[in-house]
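The values are calculated or read from the model by the stated rules, or taken from the named source; none is laboratory data. The structure presented is a predicted model; accordingly, all values stated were derived computationally and were not measured. Reconstructed Cβ throughout: ideal geometry from the backbone, glycine too, with neighbour counts over all protein chains shown.
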Amino acid sequence: MKKGVVLLFFLFFVIAGYGQTLSDYARTTSTSKTYNESFEPTWQISFKNVSNKVITTVQVHFSYARDSYEWDAPTYQSTVQIKVNPGEKATFYVKAPEEIRMHKVRWCIISKVRYADGTICDD
């Protein structure tokens, strides 16, 4: 019994110390297309900081299609400097570049997160 309890505590600390992955952020991310004051398309991206560290920078990737049969759809990335404390939700906006404004966005994901201590979550 005592060995089982020690093993459970060990597993808990190993898992807790492992850190967050991008899939943890994907579960808390939502995106929507909006328009700014000049009627230019922008994407509103909201997510929750699921780590115990302060986030300073987020990199977002978009995949878009020029037509519905395009298999090798181009991607676009944007890097946003934002401060998000542990457990907080954040919302930011990314202005759509000229080349993708008229195309349908297939997906939008957070591809990298930089923390205040300099570590990066990119897996």
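The residues of segment 18-37 that are within 14 Å of V60 (Cα to Cα), among the hydroxyl-bearing types (S, T, Y) and at pLDDT below 75 amount to a single one, S23.
Within segment 85-123, the set of residues being assigned to a loop (DSSP other than H, G, I, E, B), within 18 Å of S30 (Cβ to Cβ) and either modelled with pLDDT of 80 or more or among the basic types (K, R) (or both) comprises G87, E88. Scan segment 79-95 residue by residue and report those that are within 16 Å of Q59 (Cβ to Cβ) and either acidic (D, E) or over 13 Å from the mean Cα position of the chain (by Cα) (or both). Selection gives K83, K95. Taken as a whole, the condition of being at pLDDT 75 or above and surrounded by fewer than 13 Cβ atoms within 10 Å (Cβ to Cβ) applies to E40. Just one of the numbered conditions (1) at pLDDT 80 or above; (2) on the phi < 0 side of the Ramachandran plot is not true of F9: (1).
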